[in-house]
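Each remark here refers to the structure printed beneath this line.
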Amino acid sequence: MKILVTGGAGYIGSHTAVELLKAGYEITIVDNLSNSSIDVIDSIKEITNKDFNFYELDVKDEDKLNEVFVKENIEAVIHFAAFKAVGESVEKPLKYYENNLENTISLLKVMQKNNIKKIIFSSSACVYGDPEELPIKETAKLTTTNPYGATKHMIERILKDVYKAETDLSVIILRYFNPIGSDSSYKIGENPKGIPNNLMPFIVRVANREIDHLNIFGDDYDTKDGTGVRDYIHVTDLAIGHIKALEKANKDIGIFVYNLGTGTGYSVLEMVKTFEKVNNVKVPYEITKRRDGDIAACYADPSLAKEELGWVATKTLEDMCYDSYQYIINRK
Ligand code: NAD
Ligand code: UDP
């Protein structure tokens, strides 16, 4: 089966591409490399020893995208391509609405034109805003606190409307929690340009002495030790979740929403301590004030994905911390 992976040169897309190829799927990747590099495509081929076609294009470009669908005989789509930086989305909302919404609409139009019925979409736990109940179920109220999250919420809504009008589709919305870690080859991983916003890439740079300390954004939350709690999930577990979702899309028509998280929340301090222990390094930190827009705690109830997809996360926090650091060390 031939799968189009949009944004497949990115962090989660590249890991999913590896798992798809390992599972025997054929793939085509399209990516405009706005937040990734061409080397990743070679690394995916190297890791899997398999070949595939890559097209450097913007998913918003319907004509070029249509050519890819026709030429490659695409049968299903996994749609990762998006901008994802929460802070930047607050400063440049139009950039986010334009890219994330327009590229999805173009993609859906081209799918329609080519009679393609299966799509898996990368949503995010940020559609839950500041959750009223923990762990979070898929049925929780949706509310967003920044333009990035709003794009995810809006695209979910678009997908629901498109499904209502075209009821023979299989649409799977995956709400990711906090992906970290790297493929065990350490040839692909998360390597953001500039100063990282997210916790794990920041910790890794501090451990690697590229930044002198970590600022912990607040220790006065109503959590186990006062620091923020999140559901960190190994990116390979997350990638395998897409294989399970594809199996579901091949079996059932409908629109389905799943949380992909471990179900366990860890605090910032627990992350720092585990990282230090597993990697035998120091991560100096200072407690600073809360980050604007942050929430105290967010973790999934992943039981629906277990029940309906047969998917559970298997990697431990130790695995995640070890693999995140190994990728950076091996990159040097
Ligand atoms: P990433 O930035 O590493 O990958 C996204 C890829 O899409 C990049 O390679 C980028 O060049 C490409 N891209 C962006 N806009 C494009 C366009 N218009 N046309 C073609 N290519 C385009 O991000 P990621 O962490 O791999 O995230 C993948 C998806 O998962 C995104 O939709 C993101 O919003 C979502 N997500 C990520 C996280 C996370 O913490 N990483 C959490 C929840 C959801
Ligand atoms: N965090 C932190 N210092 C940093 C980056 C993040 O203390 O430099 C905290 C943040 O306040 C949150 C947790 O780490 O409690 C995870 O933050 P991240 O941005 O990775 O994920 P998100 O908040 O988007 O779920």
- Item | Per-region count, the range 43-83, residues among the acidic types (Asp, Glu) and in a helix (DSSP H, G or I) | 5
- Query: Does residue 95 satisfy the criteria of being among the basic types (Lys, Arg), touching a residue at least 12 places away in the same chain (Cβ under 8 Å) and under 23 Å from residue 249 (Cα atoms)?
  - Reply: no
- Query: If residue 125 satisfies every condition in (1) within 13 Å of ligand 1 (Cβ to nearest atom); (2) more than 21 Å from residue 198 (Cα to Cα) but one, which is the exception?
  - Reply: (2)
- Query: out of contact with any Ser or Thr (no Cβ under 7 Å at 6 or more places or on another chain), at positive phi and either within 10 Å of ligand 1 (Cβ to nearest atom) or without any contact (Cβ under 8 Å) to a residue 24 or more places away in the chain (or both), is that true of residue 32?
  - Reply: no
- Checking 268, 272 in turn, the sole residue that is aliphatic (A, V, I, L, M), surrounded by 21 or more Cβ atoms within 10 Å (Cβ to Cβ), farther than 27 Å from residue 20 by Cβ and within 16 Å of ligand 1 (Cβ to nearest atom) turns out to be 268
- Task: Could you grab the pairs with beta carbons closer than 9 Å, sequence gap of 6+ or different chains, first residue in the range 5-21 and away from ligand 2 (no atom under 16 Å from the Cβ), second one basic (Lys, Arg) and in a helix (DSSP H, G or I)?
- Result: 21/45
- Scanning the range 195-211 for residues that are within 13 Å of ligand 2 (Cβ to nearest atom) and part of a loop (DSSP other than H, G, I, E, B) gives 195, 196, 197, 198, 211
- Query: Where residues in the range 76-96 are more than 16 Å from ligand 2 (Cβ to nearest atom) and crowded, with 17+ Cβ neighbours inside 10 Å, which of them is nearest to the chain's Cα centre (by Cα)?
  - Reply: 80
- Among all residue pairs at least 6 apart or on different chains, which show Cβ distances below 9 Å where the first residue, located in the range 43-71, is on the phi > 0 side of the Ramachandran plot and the second is away from ligand 1 (no atom under 14 Å from the Cβ)? 49/21
- Message: Yes or no: the range 216-231 includes at least one residue that is within 27 Å of residue 20 (Cα to Cα) and touching a residue at least 40 places away in the same chain (Cβ under 8 Å).
- Response: yes
- Going by the structure shown, is residue 212 surrounded by fewer than 15 Cβ atoms within 10 Å (Cβ to Cβ), in contact (Cβ under 8 Å) with a residue 24 or more places away in the chain and more than 10 Å from ligand 1 (Cβ to nearest atom)? yes
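Quick note: the coordinates plus some simple rules give every number you see, no bench work behind them. These numbers were taken from a predicted model, which means no experiment stands behind them. When we count neighbours, we look across all protein chains shown, and the Cβ atoms used for this are built from the backbone with ideal geometry, even at glycine.
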